[in-house]
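As structure tokens, the structure follows; a few thoughts come after it.
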Amino acid sequence: MMRSPHGLFLMILFFHSAAFAQEKEDTTTLAFSIRQGRLQGNFRSALLMTNNAPGLTDYQVAATGGHLLYQTGSFKGLRLAAGIHFTFPVFSSDLSKADPVTSAASRYESTLLDITHPSEKRGLAMISVLNLSWHWKQNRITMGRQFLNTPFINMQDNRIQPNSVEGIYTDIRLKKWKVEAGWLYRIAPRGTMHWYSVAGSMGLYPRGSNSDGSRGDYGGNIRTKGIALLGVHFKPGENLHLQVWEQYADNLFNTMLVQGDYKIPSGKNNRWLLSLQYIRQDIINEGGNPDPAKTYFSSNKVNIAGVRTGWESKTVRLLLNYTRIGSGGRFAMPREWGTEPFFTFLNRERNEGAGDVQAVSATVKKEFPKQRITMELGYGRYFMPDVKQYALNKYGLSSYDHTKITIDYVCGGMLRNLKLSALYIYKGEKGNTYGNLKYVINKVNMSHFALIVNYPFPAK
């Protein structure tokens, strides 16, 4: 953790400005590629508030920060990129203090700052991007610290700083085909200001329970060399997209995803939508540790199916979604690595860590171009295993319903890049919590509000 970002600001700004000091430059030189570099970034402020059921602790936190990213121009196809993320706390509840009734800590607010130092009040900074990439035609290979968005490793970019990963990743395009592949060996999870080995990144977030109900103890007890990713896309036209993904987490588990998305034109600018999804997980060796109390992945296999249908026009999108997680075991995907790819996913809750789940959701999104406003309403019903059925319910989450409202507003004129986003969530209890408030706090009978201000630059 770097306590002050000033040195990093000066380093990037000096590197960028120095490249412009020369008046004349040979266009084939490295100096010229640096001169053609691009400095970009995003300033962000966020306010999060959670109101729990009466008698339980409520939480509030606000912070401001963002990122700066510098990338050189091309030199024989090579580009160098360096970037930092920085966060300044504005105010917050005492995130280091547990709820006196349940001993639970803040769930959402803690990831706005640094969950490993919840009482930290000073500015935080981290070198989140530092890589060398080689580009040819529409292809590229990137080595070093970078951002990725895949079904199982993704940025989950809804706090001040997103997930960042370190490794080698390639993106190759061949007409109707696209192939992505990589090997990752370090991760900087959202809500931290540190780089960790893949094993070290697991268990930073709450660990839930083992299959026998004991507290999860895999943090610091996992052995893995890294993560291999392979994604193959086929798009024969605008209306069909087929993709297959393999994620091999060494010594832990293997996850396969097969998904097809099909659009059926229906008049001018209108389309019917249909998507199918299948996910399969299998254990590798003992799931990270031969001791069942310290292992991460304890299921032999998990099968998941999803269906989505809907309709969209130029300004409206309607979706109906269904997910079924089989009863063979708990779907496992470290929350430090990203959000799950289920069609029924709604902001601020996941079904990771659960098996024998049925979920249905519906969303409607409407754009108002003249007013520069986009609104989205979502509702879901999630049928979970009993909270005491630990082998299928890692985090003790009862059945619940989930309502989501988002409003995005993009300013005009000189502030045309400024975007304001508001999110409201309510989750209601639909299962048995046995009068135990540890199954309630931060999970059900609660509301959550977020206000995010984004200003990316340079302006488009």
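A few notes on this one:
- Subset of region 216-258 that is without any contact (Cβ under 8 Å) to a residue 40 or more places away in the chain, in contact with a strand residue (DSSP E or B) (Cβ under 6 Å, 6 or more places away or on another chain) and over 20 Å from Leu184 (Cα atoms) - its residue that is least open to solvent (accessible area, probe 1.4 Å): Gln243
- Test: Asp114 is open to solvent by 10 Å² or more (accessible area, probe 1.4 Å), in contact with a Ser or Thr (Cβ under 9 Å, 6 or more places away or on another chain) and of a type in the set (Asp, Glu): no
- Residue match in region 142-155 (condition: in contact (Cβ under 8 Å) with a residue 12 or more places away in the chain, assigned to a strand (DSSP E or B) and among the basic types (Lys, Arg)): yes
- Selection within region 168-206 - part of a loop (DSSP other than H, G, I, E, B) and either open to solvent by 60 Å² or more (accessible area, probe 1.4 Å) or under 30 Å from His241 (Cα atoms) (or both): Lys175, Lys176, Pro189, Arg190, Pro206
- Conditions (1) of a type in the set (A, V, I, L, M, F, W, C); (2) over 20 Å from Ser421 (Cβ atoms); (3) in contact with a strand residue (DSSP E or B) (Cβ under 9 Å, 6 or more places away or on another chain); (4) free of Cβ contacts under 8 Å to residues at least 40 places away in the same chain; number of the one not met by Phe88: (2)
- Positions within region 39-90 being buried (at least 18 other Cβ atoms within 10 Å of the Cβ), modelled with pLDDT of 95 or more and outside any strand (DSSP E or B), in sequence order: Asn52, Leu56, Thr57
- Scanning region 91-100 for residues that are surrounded by 14 or more Cβ atoms within 10 Å (Cβ to Cβ) and either in contact with a strand residue (DSSP E or B) (Cβ under 8 Å, 6 or more places away or on another chain) or not charged (D, E, K, R) (or both) yields a count of 3.
- Residue satisfying all of: in region 259-283; among the β-branched types (Val, Ile, Thr) and surrounded by 14 or more Cβ atoms within 10 Å (Cβ to Cβ); modelled with the highest pLDDT among these: Ile279
The values are calculated or read from the model by the stated rules, or taken from the named source; none is laboratory data. Given the structure is predicted, the values throughout are model-derived calculations rather than measurements. Using ideal geometry, Cβ is built from the backbone for each residue, glycine included, and neighbour counts are taken over all protein chains shown. SASA here: full protein model, heavy atoms, side chains in, ligands and nucleic acids out. Shrake-Rupley method; radii C 1.70, N 1.55, O 1.52, S 1.80 Å.
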